[in-house]
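To start, the structure itself, in structure tokens.
The values are calculated or read from the model by the stated rules, or taken from the named source; none is laboratory data. Because the structure is predicted, anything quoted here is derived from the model rather than measured. Cβ coordinates were reconstructed from backbone atoms using ideal geometry, including for glycine residues, and neighbour counts include every protein chain displayed.
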Amino acid sequence: MSGIPYITGQDFGERFSQRLSGDRFPLSGQWEITCRCNLRCVMCYTDCFNTPEMIQQELSFPEITRIMDEIQEAGCLELCLTGGEPLARKDFLDIYASAKQKGFLVTVFTNGTLLTEKIADYWRQYPPSMIEISLHGLGKDSFERITQGAGSYARCLAGIRLILERQLPLTLKTTGMTLNQDEVLRIKEYVAGLGREYSAKVQYKFGSDIRPRLDGSEDVYDYQLQAEQVHAIEQADFEFRAERATQHSQMEERVRQGRSLCWGGHRKFHIDAYGQLQLCSNNRRQSYDLRHGSFKEGFYELLPQFPCPARHPEPEPELVSIDEIEKVREPRLTIHD
Ligand code: SF4
Ligand code: SF4
């Protein structure tokens, strides 16, 4: 529409943040609404909690809506519903509808395999800001070697098509691992082809971060790529190279301006499946129990005291080199549903 300027969500967030100056504000939250999942990906960090005993302890629907009310009242704009596999909750659509009714911009991370016409039609009517689906392999064998779920490749592709047929906003993403490193660029090409086929803008993300499982076990690192292997993939693709260069210059600029490289506990927060409020999904060293306390108290009074070795001491702008930035920045991307 002419006359009305359009800005991306990211730009909006940046501008809004600048207005807030140094004040804390819970602009955006990631909520792991379950550790349930129908798949068992080899590198999954939540899979260890996909057990009946742990599922029993997850937040109920009334608890989720009560916490969501408090988050809304605190002014939060954006919620990302993730898991585990969020669609594995029978009440997923109720949770989603509740978030939309409260006016949040909602992103959903999913493995795509549980998508149905009913969910896709509901999304058509009340669209998410973004749907992110993991596509870790191109071809049944490589895909299912990672997901360990027979039939998951066909179901994932069917889910992707349900989204594309409805022209919903879609990002497909791949975690580069020892098992699929040779496929990443072909997956990217495939995604571009899907976009052309459906005349849709399908975004693509490549990540490489593998993190320990929530129970602390580190066997997942067997699948982690070396930094040189990630670099080689990035260097082979013009868009990846450009994206990396932009990321570097944005971070250098932030450091020069003395701005934080991390929004955890300042603008962003994370809630796990049991109602624990944390700085981010990658830092669960300390938590605030939202079952027994208020979101505002947790966000404004407790999160600021939570430690993160990755960001302390705060960098001195004029002294920080690009190598230092590499040490404190978030890893390239953790891809999760
Ligand atoms: S990575 Fe995602 S899809 Fe795979 S097992 Fe974990 S939650 Fe499920
Ligand atoms: S620096 Fe720490 S709190 Fe911030 S995003 Fe990284 S791990 Fe999370």
Study note, to complete from the structure: Every listed condition ((1) small (Gly, Ala, Ser); (2) at pLDDT 65 or above; (3) farther than 25 Å from SER134 by Cα) holds for GLY3 save (2)
Review point. Can LEU87 be described as assigned to a loop (DSSP other than H, G, I, E, B), among the hydrophobic types (A, V, I, L, M, F, W, C), closer than 27 Å to GLU197 by Cα and free of Cβ contacts under 8 Å to residues at least 60 places away in the same chain?
Key: no
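Which ones in the stretch 177-196 are part of a helix (DSSP H, G or I) and in contact (Cβ under 8 Å) with a residue 24 or more places away in the chain? Steps first, please.
First, pick out the residues of the stretch 177-196 that are part of a helix (DSSP H, G or I): 184-196.
Passing the criteria: VAL184, LEU185, ARG186, ILE187, LYS188, TYR190, VAL191, LEU194.
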Review point. How many residues are touching a residue at least 12 places away in the same chain (Cβ under 8 Å) and either on the phi > 0 side of the Ramachandran plot or among the polar types (S, T, N, Q) (or both) when one looks only at the stretch 117-135?
Key: 2
Review point. Hey, among ARG213, ARG145, ARG161, which residue is under 18 Å from LEU87 (Cα atoms) and outside any strand (DSSP E or B)?
Key: ARG161
Review point. Taking interchain pairs and intrachain pairs at least six residues apart, which have beta carbon atoms under 7 angstrom, with the first residue in the stretch 137-159 and modelled with pLDDT under 95 and the second of a type in the set (Asp, Glu) and within 12 Å of ligand 1 (Cβ to nearest atom)?
Key: none
Check your understanding: So which residues in the stretch 203-220 are more than 20 Å from the chain's Cα centre (by Cα) and under 14 Å from THR178 (Cβ atoms), if there are any at all?
Key -> ASP219
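Looking at this structure, is ALA273 more than 16 Å from ligand 2 (Cβ to nearest atom) and touching a Cys at 6+ places or on another chain (Cβ under 6 Å)?
Working: more than 16 Å from ligand 2 (Cβ to nearest atom): yes; touching a Cys at 6+ places or on another chain (Cβ under 6 Å): yes.
So ALA273 passes the test.
Take the residues in the stretch 259-278 that are in a loop (DSSP other than H, G, I, E, B) and in contact with a Phe, Trp or Tyr (Cβ under 7 Å, 6 or more places away or on another chain); name whichever of them is surrounded by the fewest Cβ atoms within 10 Å (Cβ to Cβ). Even if it seems obvious, please write down each step before you answer.
Step one: list which residues in the stretch 259-278 are in a loop (DSSP other than H, G, I, E, B), which gives 259-263, 265-267, 272-275.
Okay, now just the ones that are also in contact with a Phe, Trp or Tyr (Cβ under 7 Å, 6 or more places away or on another chain), so 265, 267.
Numbers: GLY265: 25, ARG267: 21.
Top of the filtered list is ARG267.
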Exercise for review: Give the residues of the stretch 109-141 that are surrounded by fewer than 17 Cβ atoms within 10 Å (Cβ to Cβ) and of a type in the set (S, T, N, Q), sorted by residue number.
Suggested key: THR116, GLN125, SER129
Check your understanding: Mind checking which residues of the stretch 62-86 are closer than 19 Å to PRO127 by Cα, away from ligand 2 (no atom under 16 Å from the Cβ) and either of a type in the set (Ser, Thr, Tyr) or touching a helix residue (DSSP H, G or I) at 6+ places or on another chain (Cβ under 7 Å) (or both)?
Key -> MET68, LEU79, LEU81, PRO86
Check your understanding: Is it fair to say SER98 is modelled with pLDDT of 95 or more, assigned to a helix (DSSP H, G or I) and away from ligand 1 (no atom under 16 Å from the Cβ)?
Key -> yes
Practice item. Kindly list, by first and then second residue, each pair from a residue in the stretch 61-81 that is within 12 Å of PHE299 (Cα to Cα) to a residue that is among the hydrophobic types (A, V, I, L, M, F, W, C), limited to pairs with Cβ atoms under 6 Å and residues at least 6 apart or on different chains. Key: GLU70/PHE295; ILE71/PHE295; ALA74/PHE295
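Scanning for something modelled with pLDDT of 95 or more, surrounded by 14 or more Cβ atoms within 10 Å (Cβ to Cβ) and away from ligand 1 (no atom under 16 Å from the Cβ), does the stretch 34-49 turn up at least one residue? I'd like the intermediate steps shown before the answer.
Step one: list which residues in the stretch 34-49 are modelled with pLDDT of 95 or more, which gives 34-49.
Then keep just the ones that are surrounded by 14 or more Cβ atoms within 10 Å (Cβ to Cβ); that gives 34-39, 41-49.
Remaining after also requiring away from ligand 1 (no atom under 16 Å from the Cβ): none.
Scanning the stretch 34-49, I find no residue that is modelled with pLDDT of 95 or more, surrounded by 14 or more Cβ atoms within 10 Å (Cβ to Cβ) and away from ligand 1 (no atom under 16 Å from the Cβ), so the answer is no.
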